[in-house]
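Bear in mind these aren't lab numbers, they're just calculated from the coordinates by the rules spelled out. Only a predicted model underlies this, so the values are computations on that prediction, with no experimental measurement involved. Every residue, glycine as well, gets a Cβ built from its backbone with ideal geometry; the counts of neighbours run over all protein chains shown.
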Amino acid sequence: MSENKRAAKLEIDGKTYDLPIFSPTAGPDVVDIRKLYGTAGVFTYDPGFTSTASCDSTITFIDGDKGELLHRGYPIDQLAEKSHFLEVCYLLLYGELPSPAELEDFESRVTNHTMLHEQMVYFFRGFRRDAHPMAIMVGVVGAMSAFYHDSTDISDEWQREVASIRLIAKMPTIAAWAYKYSIGQPFVYPRNDLDYASNFLRMCFAVPAEDYEVNPILSRAMDRIFTLHADHEQNASTSTVRLASSSGANPFACIAAGIACLWGPAHGGANQACLEMLREIGTPDRIPEFIARAKDKDDPFRLMGFGHRVYKNFDPRAKVMKQSADEVLELLGVENNPTLQVAKELEKQALADDYFTDKKLFPNVDFYSGIILEAMGFPTSMFTPVFAVSRTIGWISQWKEMISDPQMKIGRPRQLYQGETLRDYVDIEKR
Ligand code: SDX
């Protein structure tokens with residue numbers, strides 16, 4: 001960031017404070033308040049951090065008004081159309097598109113780390129069969145720090161690299177095995193002759209009793225879902241990973257914290273919540289009832305899969321995801337699926353309703369990804385694990401950027417205290 005010698009002037013009780021202004025390569029200028037408390041004795045106040053830049057980064061940029069999403073400068077629609085997930089992983093992790101040799105080496109390293117330590121099989125067995133796959137992912141990913149001691153020292157660049165590759169490579173296996181465990185089927189091991197998305201689909205849907213052929217349209221759609229969910233600036237789960245990592249915790253524990261945050265229905269859990277909402281609506285004739293509830297200030301109900309903290313225009317990922325959804329529904333001949341019929345009618349009615357268009361509440365990436373995953377045969381409980389498999393590269397890339405920053409320090413927000421001031425203890429006899 002460049003300090004362009006401009007300063008914001010803040011006046012408090014007749015005293016003026018100059019706060020430097022930094023200009024980014026894209027997006028709003030930032031006011032540097034790092035010295036504010038030391039000079040003016042005041043904090044800033046921004047619950048939800050809607051006006052706060054928590055770090056400087058070179059990885060992803062979002063323009064919410066233009067509906068633009070760039071990964072290292074490349075627009076998401078071009079990456080979704082021309083690239084593929086592992087190439088996008090390389091781009092996010094190392095900053096540039098790989099040469100053919102670099103890509104081949106990266107894909108080989110990832111492919112050859114997809115198996116889990118065999119002892120971890122027993123870790124899965126400790127869960128109830130009806131455990132939510134996200135609960136299993138949080139547990140198993142956190143437990144990786146108990147199995148891979150040779151890649152937990154974050155001060156060692158080589159260990160950081162090994163941990164990054166292991167997490168990218170093993171996340172699909174962990175997610176697929178969480179699914180298999182929940183349906184009582186045997187684990188399917190990864191295969192080195194399959195691409196990343198095909199390997200994941202086979203580990204989820206193959207059974208030992210017969211051969212499994214991956215449909216290329218489904219693996220392409222799966223790869224696109226991974227690509228579109230890969231990274232998204234300082235969203236809640238990425239900020240969780242950064243804050244956890246700032247204490248020096250090992251990468252597996254920090255990624256487990258990110259998975260836990262992503263699970264929430266307001267964030268990554270929205271695709272599951274969206275499909276459950278569509279099922280609750282049930283038939284197109286009940287859509288007006290739910291739209292009325294979403295508009296009712298006294299009703300906490302919100303339309304899952306609509307709206308976004310940053311995009312105040314269409315979510316660019318949703319546009320590409322919508323194309324994939326149409327391709328998959330046509331291929332699988334499930335365009336008559338009642339849940340998917342409700343989705344299409346809900347989208348139409350919401351986009352024609354002033355409440356949603358005036359508030360810029362458009363279908364987001366989770367609205368369409370849920371539809372594709374439902375059509376592919378995933379249970380809704382697997383929707384957020386799919387998101388976690390994809391977002392691992394975003395978390396890892398942001399973690400690596402922060403850890404390798406010599407100015408990195410532990411995150412420690414302050415507060416606006418509204419509680420009791422000093423008072424003496426009262427013995428129970430006097431209460
Ligand atoms: C993801 O941060 C990221 O980048 C996240 C993500 C990523 O890739 O990491 O993009 C992934 O999390 C996408 C979002 C998925 N969540 C959902 O689909 C859940 C449903 N959406 C909402 O919960 C909500 O839209 C949020 C949480 C996404 C955003 O919440 P905000 O920031 O409070 O929304 P806002 O400030 O833009 O709201 C403006 C108004 C409010 O009403 P008023 O107070 O102005 O009267 O719109 C209302 C909100 O109440 N509103 C909705 C709504 N979302 C916002 N009303 C009905 N239905 C909704 N979905």
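Computed over the Cα atoms of the stretch 269-376, pair by distinct pair, the Kirkwood hydrodynamic radius stands at 13.8 angstrom.
If only the Cβ of Lys and Arg carry +1 and only the Cβ of Asp and Glu carry -1, the dipole of the chain around its Cα centre is close to 980 debye. Of the trypsin sites (Lys or Arg not before Pro) in the stretch 205-300, the ones in a loop by DSSP (not H, G, I, E or B) with at most 10 other beta carbons within 10 Å are LYS297. Each residue in ILE410, ILE291, ILE174, ILE168 was given a count of other beta-carbon atoms within 10 angstrom of its own, and listing them fewest first yields ILE410, ILE291, ILE168, ILE174. Listed peptides 361-372, 108-119 appear in the order 361-372, 108-119 once ranked by packing, highest mean of other Cβ atoms within 10 Å at the front. For a test of the definition: using alpha carbon positions, the gyration tensor, and the 1.5 limit on a/c, classify the stretch 7-53 as rounded, prolate or oblate. The shape class here is oblate. Applying 1/(1 + (r/R0)^6) with r as the Cβ-Cβ distance of THR58 and ARG423 and R0 = 56 angstrom yields a FRET efficiency of 0.70. Contact order normalised by length for the stretch 172-324, with contacts defined as Cα pairs under 8 Å and 6 or more residues apart; what percent is it? Taking the mean separation of contacting Cα pairs over the length of the stretch 172-324, I get 14 percent. Which whole-number percent gives the relative contact order of the stretch 7-53, counting Cα pairs below 8 Å spaced six or more residues apart? So the answer I get is 24 percent. From least to most packed, judged by other beta carbons within 10 angstrom and beginning with the fewest, LYS322, LYS82, LYS359 follow the order LYS82, LYS359, LYS322. For the stretch 312-337 and the stretch 361-382, write down the distance between their C-alpha centroids in whole Å. Cα centroid of the stretch 312-337 versus Cα centroid of the stretch 361-382: 9 Å apart. Sorting 156-167, 247-258, 182-193 by their mean Cβ neighbour count within 10 Å, with the most densely packed peptide first, gives 247-258, 156-167, 182-193.
Ranking ALA318, MET304, PRO265 by Cα position along the charge dipole of the stretch 265-325, where only Lys, Arg, Asp and Glu carry charges on their C-beta atoms, puts ALA318 farthest toward the positive end. Remark: the chain projects, on average over all directions, an area of 27.4 nm² (convex hull of Cα atoms).
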